[in-house]
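One structure is given below, encoded as structure tokens.
The values are calculated or read from the model by the stated rules, or taken from the named source; none is laboratory data. Fair warning: this is a prediction, and the values are worked out from it, not measured in the lab. Cβ placement follows ideal geometry from the backbone for every residue including glycine, while neighbour counts extend to all protein chains displayed.
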Amino acid sequence: MAEIAVIGAGYVGLTLAVGAAHLGHNVSVGEPDEERVCALLAGNCPVFEEGIADLLEEGLTARRLTFMTSNVEAIESAEFVFLALPTPSAPDGSADLSVLHAVVDELAPHLGDRVLVLKSTVPVGTNRDVTARLRTAGCLAPVVSNPEFLREGTALADFMSPDHVVVGGDDPEAVAQVGALFDLGCPVTMTDPMSAELVKYATNAYLATRVMMANSFADLCEVLGADIDAVTTGLGRDHRIGPHFLRPGPGFGGSCFPKDARALLDLADRHGLNSPILAAAVEVNAARQERMADQVMAAVDGVEDPVVALWGLAFKAGTDDTRESPALNIGELIAARGANVQAYDPEAVAGDPIRLCESALDAATGADVLVIATEWPEFTGEDLAEVAKAMRGDLVIDLRNLLDPEAVRTAGLRHRRVGKPEQG
Ligand code: UGA
């Protein structure tokens with residue numbers, strides 16, 4: 001078993017830390033936020049992510065997991081130092097590496113020959129830039145890229161049973177060591193650092209584009225009178241295509257797809273390349289949310305002081321994350337156009353101009369239209385007859401095709417779905 005340091009206790013770092021401790025490694029985590037460190041040491045999990053809280057407790061009890069505010073102390077007995085740091089979008093769309101660079105500079109005098117592993121999503125070329133930065137500081141530590149593919153909401157399950165692992169670097173021995181570290185019985189791609197970094201961006205860019213293809217087909221279904229479920233089922237049964245990431249909805253969001261798509265566009269641009277397909281996916285995604293907001297406003301056209309119930313704020317179910325959330329974005333767009341937005345989400349929150357409600361029924365009370373923007377399974381358990389009674393209007397705009405059409409119709413509500421004929 002190995003001695004591992006993880007720098008950064010965000011959802012990637014935390015999943016890695018509790019997962020590695022569960023696999024028997026000794027893990028110390030460096031995290032500058034003192035409050036977060038205290039909470040974690042006390043066994044309080046700061047992220048809503050299935051299974052993490054249990055493994056946090058397990059790791060702390062077994063004394064295989066600890067947290068501290070000093071990065072330098074965290075790496076003291078480590079053989080491998082994983083960086084799981086934020087790389088947000090800079091205003092020009094490029095990835096902002098200032099946090100990563102600051103930590104590399106801080107650790108350089110202390111790394112010795114420990115293996116530095118880049119977990120964060122970083123622009124292609126960062127591994128070699130970081131290596132050069134370390135060498136300038138007189139540090140000879142090998143640098144290995146090991147991108148993360150876990151999804152929010154299923155982070156731990158994705159970590160424990162990944163489809164594959166990608167490890168890239170210029171030091172073959174360090175690459176092999178990192179590859180062997182998490183032997184989870186899946187294929188491991190060992191490659192150069194540039195390719196490892198590109199796999200991560202290519203995966204997110206491809207999946208984001210694929211979601212937008214499904215949304216374009218849904219638009220076609222609506223005007224042609226076809227059914228998107230039949231179309232995506234047919235597509236998914238072709239083994240060359242496969243069934244995943246074809247669910248239509250309000251567009252892609254979250255902390256990764258939009259940011260990584262912009263970063264890849266910026267990268268291509270810097271090298272004099274156009275990426276018209278990816279650029280279109282990003283543009284169409286933004287326009288889609290505007291169009292959905294238009295649709296909601298058209299439904300309350302002529303209503304004085306319209307009230308819109310918004311079920312869902314998180315960018316998808318299973319998380320409290322609202323970063324670049326289509327649900328939140330649509331809520332803010334319609335609020336800016338004069339709708340009173342009453343929202344409920346089982347985990348996520350929002351502030352002005354959105355009024356946060358205690359329950360789905362509260363949010364629906366007095367609403368002219370009900371918009372379902374996040375696919376939380378618990379919404380399917382709502383008593384729709386009660387919802388219909390509480391609403392002022394009778395239209396449900398179901399941007400996730402979540403509710404059972406029969407149940408909505410029986411409750412006396414009209415049901416508008418994505419890529420489906422309107423009902424009621
Ligand atoms: C995504 C990738 O799936 C992970 O592999 C990757 O590790 C992660 O980004 C990252 O780079 O950190 P995540 O952002 O958690 O994971 O969310 P996804 O489940 O991929 O969904 C992204 C967006 O696409 C969401 O807004 C979701 O609602 C939307 N989506 C997804 C659809 O509209 N339809 C689909 O069929 C699938």
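Please enumerate the residues belonging to the range 249-279 that are of a type in the set (A, V, I, L, M, F, W, C) and either free of Cβ contacts under 8 Å to residues at least 60 places away in the same chain or crowded, with 16+ Cβ neighbours inside 10 Å (or both). Working first, answer last.
Narrowing the range 249-279 to residues of a type in the set (A, V, I, L, M, F, W, C): 252, 256-257, 261, 263-265, 267-268, 273, 277-279.
Answer for the range 249-279, where residues must be of a type in the set (A, V, I, L, M, F, W, C) and either free of Cβ contacts under 8 Å to residues at least 60 places away in the same chain or crowded, with 16+ Cβ neighbours inside 10 Å (or both): PHE252, CYS256, PHE257, ALA261, ALA263, LEU264, LEU265, LEU267, ALA268, LEU273, LEU278, ALA279.
Does the range 147-157 contain any residue that is out of contact with any Phe, Trp or Tyr (no Cβ under 9 Å at 6 or more places or on another chain), within 14 Å of the ligand (Cβ to nearest atom), within 30 Å of GLY51 (Cα to Cα) and hydroxyl-bearing (Ser, Thr, Tyr)?
yes
What number of residues in the range 364-408 are within 19 Å of ILE228 (Cβ to Cβ) and surrounded by 14 or more Cβ atoms within 10 Å (Cβ to Cβ)? So that I can check it myself, show each step before the final result.
Narrowing the range 364-408 to residues within 19 Å of ILE228 (Cβ to Cβ): 371-375, 380, 396-406, 408.
From the residues that got through so far, the ones that are surrounded by 14 or more Cβ atoms within 10 Å (Cβ to Cβ) too are 371-375, 396-403, 405, 408.
Residues meeting the conditions: 15.
Out of GLU31, GLU57, I need the residue that is crowded, with 20+ Cβ neighbours inside 10 Å, more than 16 Å from the ligand (Cβ to nearest atom) and of a type in the set (Asp, Glu). Which one? Lay out the reasoning, then the answer.
Numbers: GLU57 fails: crowded, with 20+ Cβ neighbours inside 10 Å.
That would be GLU31, the only listed residue that is crowded, with 20+ Cβ neighbours inside 10 Å, more than 16 Å from the ligand (Cβ to nearest atom) and of a type in the set (Asp, Glu).
When both residues are 6+ apart or on different chains and their Cβ atoms are under 8 Å apart, which pairs have a first residue that lies in the range 368-388 and is farther than 20 Å from PHE252 by Cβ, and a second that is surrounded by fewer than 24 Cβ atoms within 10 Å (Cβ to Cβ) and of a type in the set (D, E, K, R)?
So the pair list comes out as ASP368/ARG392; THR380/ASP404; ALA388/ASP394.
Between a first residue in the range 292-306 that is more than 15 Å from LEU399 (Cα to Cα) and a second residue that is of a type in the set (Val, Ile, Thr) and not in a loop (DSSP other than H, G, I, E, B), which pairs have beta carbons less than 8 Å apart while being 6 or more apart in sequence or on different chains?
Note: pairs meeting the criteria are VAL300/VAL308; VAL300/VAL369; PRO306/VAL369.
Looking at PHE67, PHE82, which is the one that is surrounded by 22 or more Cβ atoms within 10 Å (Cβ to Cβ), touching a residue at least 60 places away in the same chain (Cβ under 8 Å) and part of a strand (DSSP E or B)?
Values: PHE67 fails: touching a residue at least 60 places away in the same chain (Cβ under 8 Å).
Unique residue meeting the criteria: PHE82.
Is it the case, given these coordinates, that ALA230 is modelled with pLDDT of 95 or more, surrounded by fewer than 19 Cβ atoms within 10 Å (Cβ to Cβ) and on the phi < 0 side of the Ramachandran plot?
Details: modelled with pLDDT of 95 or more: yes; surrounded by fewer than 19 Cβ atoms within 10 Å (Cβ to Cβ): yes; on the phi < 0 side of the Ramachandran plot: yes.
Taking the combined requirement at face value, the residue satisfies it.
Being closer than 19 Å to GLY169 by Cα and either hydroxyl-bearing (Ser, Thr, Tyr) or in contact (Cβ under 8 Å) with a residue 40 or more places away in the chain (or both) is true for just one of PRO88, PRO142, PRO123. Which residue is that?
On the way: PRO88 fails: closer than 19 Å to GLY169 by Cα; PRO142 fails: either hydroxyl-bearing (Ser, Thr, Tyr) or in contact (Cβ under 8 Å) with a residue 40 or more places away in the chain (or both).
Going through PRO88, PRO142, PRO123 in turn, just one is closer than 19 Å to GLY169 by Cα and either hydroxyl-bearing (Ser, Thr, Tyr) or in contact (Cβ under 8 Å) with a residue 40 or more places away in the chain (or both): PRO123.
Being within 9 Å of the ligand (Cβ to nearest atom) and farther than 20 Å from SER325 by Cβ is the filter here; which residues of the range 202-217 pass it?
Passing the criteria: only THR203.
May I ask you to say which residue of VAL308, VAL296, VAL300 is in contact with an Asp or Glu (Cβ under 6 Å, 6 or more places away or on another chain) and farther than 30 Å from ASP92 by Cα?
Details: VAL308 fails: in contact with an Asp or Glu (Cβ under 6 Å, 6 or more places away or on another chain); VAL296 fails: in contact with an Asp or Glu (Cβ under 6 Å, 6 or more places away or on another chain).
Step by step, each of VAL308, VAL296, VAL300 is checked, and only VAL300 is in contact with an Asp or Glu (Cβ under 6 Å, 6 or more places away or on another chain) and farther than 30 Å from ASP92 by Cα.
Among the strands (runs of 3 or more DSSP E) contained in the range 127-227, which hold 2 or more residues that are surrounded by fewer than 20 Cβ atoms within 10 Å (Cβ to Cβ) and touching a helix residue (DSSP H, G or I) at 6+ places or on another chain (Cβ under 9 Å)?
Details: elements: 143-145, 165-169, 188-191.
Here the list reads 188-191.
Being part of a helix (DSSP H, G or I) and in contact with a helix residue (DSSP H, G or I) (Cβ under 7 Å, 6 or more places away or on another chain) narrows it down to one residue among GLU58, GLU35, GLU50; which is it?
Working: GLU35 fails: in contact with a helix residue (DSSP H, G or I) (Cβ under 7 Å, 6 or more places away or on another chain); GLU50 fails: part of a helix (DSSP H, G or I).
Checking each option against the conditions leaves just GLU58.
Which condition number does VAL231 fail, the rest of (1) within 23 Å of the chain's Cα centre (by Cα); (2) within 16 Å of the ligand (Cβ to nearest atom); (3) more than 25 Å from GLY19 (Cα to Cα) being met?
The one condition VAL231 does not meet is (1).
Condition check: away from the ligand (no atom under 11 Å from the Cβ) and either of a type outside the set (Lys, Arg) or crowded, with 20+ Cβ neighbours inside 10 Å (or both). Does LEU246 satisfy that? Steps first, please.
Details: away from the ligand (no atom under 11 Å from the Cβ): no; either of a type outside the set (Lys, Arg) or crowded, with 20+ Cβ neighbours inside 10 Å (or both): yes.
No, not satisfied.
So which residues in the range 91-129 are closer than 22 Å to ALA2 by Cβ and of a type in the set (A, V, I, L, M, F, W, C)?
Filtering the range 91-129 down to residues closer than 22 Å to ALA2 by Cβ leaves 103-104, 107-108, 110-120, 127.
Residues satisfying the conditions are VAL103, VAL104, LEU107, ALA108, LEU111, VAL115, LEU116, VAL117, LEU118.
Could you please tell me which pairs satisfy a Cβ distance under 8 Å, a separation of 6+ or placement on different chains, a first residue in the range 37-50 that is over 23 Å from ALA314 (Cα atoms), and a second residue that is of a type in the set (D, E, K, R)?
VAL37/GLU31; LEU40/GLU31; GLY43/GLU57
Each row is one residue, and each column tells you yes or no for (1) within 14 Å of LEU16 (Cβ to Cβ); (2) out of contact with any strand residue (DSSP E or B) (no Cβ under 7 Å at 6 or more places or on another chain).
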position: ASP33; (1), (2): no, yes
position: LEU41; (1), (2): no, no
position: PRO46; (1), (2): no, yes
position: GLU57; (1), (2): no, yes
position: ARG63; (1), (2): no, yes
position: PHE67; (1), (2): yes, no
